[in-house]
């Protein structure tokens with residue numbers, strides 16, 4: 001058991017907190033955030049950086065006030081980040097970057113041969129695709145536009 005005169009290691013660590021240690025801790029949390037990508041570690045990192053800057057600006061802040069500020073800033077930033085910023089991060093149109101079918105809609109293609117009863121083949125880049133038309137038939141060489149893709153069949157319409 002430690003005697004009352006021995007210094008407590010934890011208290012020594014807390015009392016030695018300064019702006020540099022807060023900034024190092026904040027940047028370490030930022031690196032951890034980059035590795036996880038959750039956005040939950042971002043807010044304590046921002047709070048640590050703010051406390052580090054405040055510690056440089058107001059050097060008389062005791063360790064108790066520094067940790068109180070850190071806790072309050074973390075709570076406020078977590079709440080605001082989760083309710084205000086996070087919903088905006090997931091918005092927008094879905095990307096068709098890895099969805100070939102979605103990226104083909106709207107493309108101009110050329111009929112390879114005459115369509116028979118609304119069915120035929122079209123050239124998309126260097127590949128031939130099965131195609132169907134809802135109204136009418138296309139002749140070989142006609143320019144068509146892809147309206148939708150279902151499995152391996154393109155639905156096309158005349159331009």
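A short reminder: the numbers here are calculations on the coordinates, not readings from a lab. Since the model is a prediction, treat every value here as computed from it, not as a measurement. So basically every Cβ, Gly included, is an ideal-geometry build from the backbone, and we count neighbours across all protein chains shown.
Just checking, does region 41-54 include any residue being loosely packed, with under 12 Cβ neighbours inside 10 Å and in contact with a helix residue (DSSP H, G or I) (Cβ under 9 Å, 6 or more places away or on another chain)?
Filtering region 41-54 down to residues loosely packed, with under 12 Cβ neighbours inside 10 Å leaves none.
No; the residues of region 41-54 include none that is loosely packed, with under 12 Cβ neighbours inside 10 Å and in contact with a helix residue (DSSP H, G or I) (Cβ under 9 Å, 6 or more places away or on another chain).
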| message | Can you find, within region 116-159, the residue that is surrounded by the fewest Cβ atoms within 10 Å (Cβ to Cβ) among those that are touching a residue at least 24 places away in the same chain (Cβ under 8 Å) and touching a helix residue (DSSP H, G or I) at 6+ places or on another chain (Cβ under 9 Å)? | response | 148
| Selection from region 28-65 of residues that are more than 19 Å from residue 81 (Cα to Cα) and part of a helix (DSSP H, G or I) | 28, 52, 53, 54, 55, 56, 57, 63, 64, 65
| remark: residue 25 vs (1) surrounded by fewer than 17 Cβ atoms within 10 Å (Cβ to Cβ); (2) part of a helix (DSSP H, G or I): all pass except (1)
